[in-house]
Every structure is written in structure tokens, then in C-alpha cells.
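Derivation of every value follows stated rules applied to the coordinates shown; laboratory data play no part. These numbers come from a predicted model, not from an experiment. FYI the Cβ positions are ideal-geometry reconstructions off the backbone, even for glycines, and counts take in every protein chain you see.
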Amino acid sequence: MLLEIKNLTKTYRAPDGGDAVEVLRSVDLSVAAGETIAITGPSGSGKSTVLNIVGALDRADAGEVLVDGRDVLQLGAAEVAAYRSTTVGFIFQLHHLLPQCTVLENVLVPTLAQRGGDRRALRERAESLLAAVGLEHRRGHRPGQLSGGERQRVAVARALINQPKLLLADEPTGALDRVNAGRLVDLLAELNRAQGVAVIMVTHAPELAGRMGRVVELVDGKLVEVRR
Ligand SMILES: Nc1ncnc2c1ncn2[C@@H]1O[C@H](COP(=O)(O)OP(=O)(O)OP(=O)(O)O)[C@@H](O)[C@H]1O
Ligand SMILES: [Mg+2]
């Protein structure tokens, strides 16, 4: 298994001494290499919390998050940084592109931390990813000169630049209209086929969830299989 989540729990303490929010009671999920999964569930059910913990952006209270057999929850600070930049790729609801950088420079941002990388090979990979998302002719543009759907496609290319095994997408279509949302999910499915990257996508839209290989729903702090 690429990813095994076992008995994950998470409670947010209230900042003002009020009631703590028990978000994840016991989350279990297994994801094989190259699978695509949609996570659905009501607002506030903890979907982003799960994704953020898997991506080592948030901490869990207990449980295990095994990626290739290693527990992400036990990694030290340096290992977390390496894990975040090379094993997982992230796409968020809003693209978080750097406005002052070109499209090509934005795609290369996650590679800047690597020392001794082959810059020319990385640039070629960035260009081929931009071609894969249909934006090779826009590489010199800045995010402000692109449409919302185009910006989100740049964010997809950026998430894949370090060849992660796992792509985590938290409502990547949340800011897009229906047509562009459908195109973005088609693109994720296509990149999954072409590059073998596993995809976990959070979405509210049943028709988008339906394009992933499996659908799970977060209910009462647990993940339940909806379709396999
Ligand atoms: N840093 C935090 N401190 C306290 N409570 C938090 C924090 N982050 C999230 N929560 C709470 O945890 C619960 C789950 O939040 P989460 O963002 O994971 O939900 P979600 O399923 O992604 O919702 P949505 O569909 O609206 O994005 C919510 O009740 C939220 O208010
Ligand atoms: Mg969320």
C-alpha cells in the first residue's frame, strides 16, 4: 500500500476554554499506488483536516499515517520538509501562485529547496508538465494574466514537478465554474493514468467525485466507503 491511515484521531481545543471539537474519531483508509479517491462529506466534517495531516501540514493526536510503510506522524522536522517537497504534491481551493513570477517560475518553485538539482532537466520537466496541462504557450505569463481555470492548471503542474507519488487536492475546483471544474478533474484523471500518481481529492460535487476510482465519505469522524 502507498498510504495506510490507521485509527487517526484529532481534536481541536477551543482557544477560549470552550468545548473542544472532536473532528476525527477513528479514520482508516488504504490507498494503493496509482489509485484515485474522492473524499466527500458535509462542511466541517474534517476532510481538510485529514488531507492536511496526510500532507504533514497539521498534527494528529493519535493513529498512524504510513506512506510506503513509514509513519509520517513520527518524522522529524528535516524529514517532514523532504516528505512535503518530494513525496506529496498539494493543490488547494485557491491556487496560491506567486503573482510576481511567471507561470514557468511558479511551476519550478517547489524545486528551489533542492540543492544540486539539474536545473536544465527540471526546466524541461516543468515545460513538459505545462504542455500536459495545456499551457505551454503561456509559460511567460504571470498569474494575473490567466483565467481561474488556467491558474489552477498551473497549480497542478507545480504540484507534480517533484514527481510525487501522492497528489492531495483539497477542493481544487472550488473556485471554478462547472465546465472548468469538470476539465480540471479530467486533467487529474489523465495525469493519474499517464504518470501513475495516486490522487486523493476532496470535493462536494457528486459528479466530480464520480470520476475518481473510489469514493469515501467522512461521517461522524470516520471514513466510510461509498463506492469502490
Ligand atoms: N485550527 C483549528 N482550530 C480549531 N478548530 C478547527 C481548526 N481547523 C478546523 N477546525 C474545526 O474542525 C472541523 C473540521 O474542519 P475541516 O476544515 O477539516 O472541515 P472540512 O470537512 O474540510 O469542511 P469544508 O467542507 O467546509 O471545507 C470544523 O468544525 C472546524 O471548525
Ligand atoms: Mg475543507
Inset, instruction - Could you compute the FRET efficiency for GLU124 and ASP61, with r as their C-beta to C-beta distance and R0 at 41 Å, rounded to 0.05? - result: 0.40
Inset, instruction - Express the relative contact order of segment 3-227 as a whole percentage, based on alpha carbon pairs under 8 Å and six or more residues apart in sequence. - result: 30
Inset, instruction - List LYS222, LYS10 from most exposed to least, where exposure is judged by having the fewest other Cβ atoms within 10 Å. - result: LYS222, LYS10
Inset, instruction - For segment 3-227, just the Cα set please: Rg and Dmax, both in angstrom. - result: 17.5, 54
Legend entry - Helical contribution to [θ] at 222 nm, DSSP H n ≥ 4, -39,500 (n - 2.57), averaged over the chain, rounded to 500: -9500 deg cm²/dmol
Inset, instruction - Rank these for me by crowding, VAL197, VAL109, going from fewest to most other beta carbons within 10 Å. - result: VAL109, VAL197
Legend entry - Potential extension, GLU207-ALA175 segment - 0.36 nm per residue separation minus Cα distance: 9.9 nm
Legend entry - Gained length - ASP16 relative to ALA32, 0.36 nm times residue gap less alpha-carbon distance: 1.7 nm
Inset, instruction - Could you size up the charge dipole of segment 3-227 around its Cα centre, putting +1 on the beta carbon of Lys and Arg and -1 on that of Asp and Glu, and report it in debye to the nearest 20? - result: 760
Legend entry - Charge context of VAL216, other residues only, Cβ under 13 angstrom, K/R +1, D/E -1: +1
